[in-house]
Amino acid sequence: MSGFGQLIGGYKKEKPNYDNTQITQSVYDPAQALQANQRTYKDALAGFDSNSVNTGRSYANALYANKLGQDAQTTSQYQQMNQQARQQYETRAADQRRYNVGQTSYTNDINQHNSDAYRMAVDSAFTGLSNFGTELNQKKQSNTSLEILKRLHPEVYANVMGLTKKS
């Protein structure tokens, strides 16, 4: 019966230890840098004083072209930063998925081993019970054989059982 006692509750089923860490992606907004470029442009334009309209226009056009170049450079830098942030996010997410797949596989392996050990314990318990029943049956057959021997050949029975006194 002790063999059956260990079977109570079934086998221990492990749960995977998943990485559920929240993964965030950084996003860089160029709006502030572009506004700074705009302020620099307006301040430079407001600080220029010229008597010639053509010189003023030429200077304003040069400042504006410079501002557009700075805006393009700023936008390009922020696009690169956002692309790097996206790649970092995707790498971290892929690493987390790989880790979780590994945990699932590892846990499934442990659970399969636990299930196999449980099935072996069940088999062992029933084998023990079967052996016990077989032994009880053999004991009963032996007792029956001894009873038949006792009735048919009491002197042999007494000899076999050690009931006769040796001199």
Query raised in the report: Does Gln83 satisfy the criteria of being farther than 30 Å from Thr107 by Cβ, assigned to a helix (DSSP H, G or I) and either polar (S, T, N, Q) or in contact with a helix residue (DSSP H, G or I) (Cβ under 6 Å, 6 or more places away or on another chain) (or both)?
Result: yes
Report summary line: Scanning the stretch 34-55 for residues that are assigned to a loop (DSSP other than H, G, I, E, B) and in contact with a helix residue (DSSP H, G or I) (Cβ under 7 Å, 6 or more places away or on another chain), the one nearest to Gln79 (Cα to Cα) turns out to be Phe48
Report task. Out of Tyr78, Tyr59, Tyr89, report the one residue that is part of a helix (DSSP H, G or I), surrounded by 12 or more Cβ atoms within 10 Å (Cβ to Cβ) and touching a Pro at 6+ places or on another chain (Cβ under 8 Å). Result -> Tyr78
Query raised in the report: Has the stretch 66-75 got at least one residue that is surrounded by 12 or more Cβ atoms within 10 Å (Cβ to Cβ), part of a helix (DSSP H, G or I) and hydrophobic (A, V, I, L, M, F, W, C)?
Result: yes
Report task. All but one of (1) more than 30 Å from Lys15 (Cα to Cα); (2) modelled with pLDDT of 95 or more hold for Gln103, so report the exception by its number. Result -> (1)
Query raised in the report: Any residue in the stretch 31-38 that is farther than 26 Å from Arg92 by Cβ, in contact (Cβ under 8 Å) with a residue 40 or more places away in the chain and not polar (S, T, N, Q)?
Result: yes
Requested in this report: Please state which of the following conditions Asn143 fails to meet, knowing it meets all the rest: (1) more than 30 Å from Asp43 (Cα to Cα); (2) modelled with pLDDT of 90 or more.
Outcome: (2)
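The values are calculated or read from the model by the stated rules, or taken from the named source; none is laboratory data. All values reported here derive from a predicted model rather than from experimental measurement. Virtual Cβ from ideal backbone geometry, glycine too; neighbours counted across all protein chains shown.
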